[in-house]
Structures are given as C-alpha cells and as structure tokens.
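*Asks:* Structure below; questions to follow.
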Amino acid sequence: MLTRRNLFKSAATIGLSTLAPWLDRPAFSAVEEARQGCEPVGDDSRSELQSPLLELEYLENLKDDLDCAEVVARFGPPLKAPCWAGTDLIWKASHCPFCAEAGLYVGPEFFRCKWCEAEGSAIEFYARAEGIPHVEAAAHLNGLLNDGSLRGRRCENAHAWGMLEEAQRFYHELLCEKPDGAIARQCLVEQGITLSTVKRFRLGYAPVEPDDLLSRRLVAAGYVIPKLLQTQCVSDEGEQKSIDRFGGGNLLIPICDSAGRSWGFMKQKIVSPDSSLLAGWTQDTLSVSPRRLRRLIFPHPAWPQDINRHQRLLVAETPWEVVALHNAGIENVVCLFECATDPVRLRTLLSFGRDFACAFDAKGGRPATAFRFVERLEGEMRQLFVMEVPSRGGLLALLQSGGRQAVQDAMTQAIPFHQWMGE
Ligand SMILES: [Zn+2]
C-alpha cells in the first residue's frame, strides 16, 4: 500500500539527487560535435528541443538498422563461429583491434573488449577502427546500408513489422466484423467505447479458439512460417503444437509508432461482456529494433509536429485509461507502458508536454506512476502535478461520475508535487 508517509521514506532511500541523464551521452556528444561550426539554432524553444531529439533518434535508428557483428567482420578482425550467451547470439573476434589481445565479444547490438574496455555500437566501432569522428562514421555506415554494401537488419525488422501489421488487421477485423468477436464488441459497448475509438486505436480481439488462425492468415499473405508470432503448447493428448501467441480471448491494443511500425500488443483477457478492463493489462512485444521500441509511449507522438504539443499531459496508469479518456474527447493523456523510469521513454514524454499530471487516490490503492519517475523529472525545469481521484476506480470512476468536464477540472486543479508532498 502506497501512502504519502512511506512515499517520503522511499524518496529518501532512493535519493532524489541521484539523477540519471536522460540523454545517451556518446550519441549526444556526437550531435554536439556535429553542430560545432554550424550556425546556432534559432531562439525558438521548439527548434532548440527538436534538433537534438531528432538527431538522437536518427542515430538510434541507424544503430538498430546496422548489425554490429557484420560491421566488425567487415572492418575489423575475423570472427570465430558464433555461440549463444543467454538468449543472445555472440561472436568472439580473433583479437581486439584496439589492444591486440584476444577477448573481443561481438553481438548484433554491441562489441566489447574484456581487456581494454573498448565497447559500444557498430558506429563507435567503425569510428574508432577508421579513426574518424562519430558523426562521419554514422554517415558512412548509413551510406553503406543505403547502397546495399552492408546488409544490416533493415530487412529482418521490416519483415517482423510487416507480419505484425497483418496481425493487427486480422485481429481488428475479427473484433469489428466476425462472430468470434461478439464478446469483445459487447464488452466495448458496455464501456461506452465508440466505433471511431476502436478504429482510432485499431483495437483487436484474439479469440479463445486454440487453433492458430493468425498463422493461417499470415501464410495466406505470403509469410513462410510465422514463428515469431507463435508460442508452443502441449495438448491434452500430450502433443506439442504451435498456437497464436496473442490468442486466448484477449482484447488487444497495438503498440506502434507514428509511422505505423508495430512491435506487438497490450493484451487483457475478456471472460464475459462485463469484464473489467481497468487493470491487468500485459505487454507482449517482439524484440525487434529495441531502441525504437524503448522510446515509445502510448499513443506515440509524431515528430516534429508534436514536440511540446501539450501544456499539461496526464500520465495514465493503464493503456485502458488512455483509450477511455480519448474516447471522451480528452487527448492530452498518455501511458508509459510498464517502464515509467526508463530515461529514454521519459525523453519522449518530456518532448511531448510542458508539464505533467499524475492521478493519485487518498488510500493509495492504485499504482502511482508519479513516484516512480519523480526523481528523473526533478532534474528538469518542468513541473509535476498531482490530481486526486476516487480510490475505487480512479480516473475512470471520475470520468463516469462527472464526465469529461470533471476530469479536465481535476487536471487543471492538480497541485504541484512538492506542495502536495507537504514540502
Ligand atoms: Zn581491447
């Protein structure tokens, strides 16, 4: 149970001053380096914020598109046969090109020497091996990917995004049109969710039916064996079979970016038309393009037009609160998935709104996102506000009892975090 009293204690234990930087330092230095000698950015705060954010995202995307093992094999020492380290496939190099000792480990994401502590991504390796600045190395590698000299991971990632997009269409049609989707449609009607909201979020439904309907659809669409979207189960007869990994009677909310690329779903089991959708959502994503996935919030903004879009942004506790509030016409609300303290995810949040409101109930019966990231926000010149909501049902109870106006009033009347904490 979370109360103000024990929150004080946990804040003191964590130490509010131990702030992690929200920017990826090597990449940020590279951006700064690139900017040296350029015309200074104008005094418009929007463009000041926009430029480093977009440049950082460009570098992160490039790291996700490159295969570090391919870059090391091409521009560094020969690699030996790969082996598994946990769930990662890694290679050992014959020697480290920077200290000449044998102890260089390489994976698709990284290289690391156990002797000279050289480490980083494909871009850092190439910059160091060629003796050129980071930004120049990034531009070279991007060119090699574009002209096909490097294979990278673009095809692999595009394949997974394509399959997930097809899966999204499949589940969305199932929810909107098919007899199997009736239970989910009734459930949404009970919640007052309109068809335009269902379409806006591309909500879907994966039926209880254990047969792998999704795989059949994907095979029909030209995908070979969609193992990424399957999971194994053992039947009553003891036979192992592949089934739809998102299936089992789940309402699904796709996790995607503003370009429509999809990583998976948030899912919640529906057992009857009056099932509660308040809590119990779980995230099921593929480990595709981890840097792009890590910075997503829900719903994801589009850059640059959404930079600093909202004066006050409400940080909801669950994806369902976001859907229900958008359904009621409140659009300045987002959810941080299950990673409210990830600095990369917070970077997206901080670029989307100017200040933030979190809901809290007096009995502390709900999880409280505000306290999980307050120490990060402490380092920003931003304000965190707290709005109190009913203990039973939280934000959605407030919406049901007083409608859109009640939620908007509570957001406007939210008080600064420190004042609320009694400081
Ligand atoms: Zn070394």
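Derivation of every value follows stated rules applied to the coordinates shown; laboratory data play no part. Values in this document were obtained by computation on a predicted structure and should not be read as measured data. Neighbour counts run over all protein chains shown; Cβ positions are idealised from the backbone, glycine included.
*Asks:* Amide H to amide H, which residues 5 or more places from Phe360 or on other chains are under 5 Å from it, using H placed in the peptide plane?
*Replies:* Under 5 Å from the amide H of Phe360: Met387, Glu388, Val389.
*Asks:* Name the trypsin sites (Lys or Arg not before Pro) in the range 135-203 that are in a loop by DSSP and that have at most 16 other C-beta atoms within 10 Å, would you?
*Replies:* Sparse-neighbourhood loop trypsin sites (Lys or Arg not before Pro): Arg151.
*Asks:* Over the range 67-152, calculate the relative contact order: mean separation of alpha carbon pairs under 8 Å at least 6 apart, over the residue count, as a percent.
*Replies:* Relative CO of the range 67-152 lands at 25 percent.
*Asks:* Along Cα→Cβ, 7 Å out, is where each label goes; now give me the distance between the ones at Gln400 and Arg74 in nm to one decimal.
*Replies:* 5.7 nm
*Asks:* Sort His418, His300, His159 so that the residue with the fewest other Cβ atoms within 10 Å of its own Cβ comes first and the one with the most comes last.
*Replies:* Ordered by Cβ neighbours within 10 Å, fewest first: His418, His159, His300.
*Asks:* With each pseudo-label sitting 7 Å past Cα toward Cβ, what's the Ser94-Ile415 distance in nm, one decimal?
*Replies:* 7.0 nm
*Asks:* Continuing with the same structure: If I model a spin label as a point 7 Å beyond the Cα along the Cα-Cβ vector, how far apart are those points for Cys83 and Asp211 in nm?
*Replies:* According to this spin-label approximation, the distance is 4.6 nm.
*Asks:* From the residues Ala138, Ala122, Gly86, which one has its Cα farthest along the dipole of the range 71-160 in the positive direction, the dipole being from +1 and -1 charges on Cβ of Lys/Arg and Asp/Glu about the Cα centre?
*Replies:* Checked the options; the winner is Gly86.
*Asks:* Let me ask something else about it. If I take the Cα coordinates of the range 114-167 and project them onto the principal axes, what are the three extents in Å, biggest first?
*Replies:* 45, 29, 16
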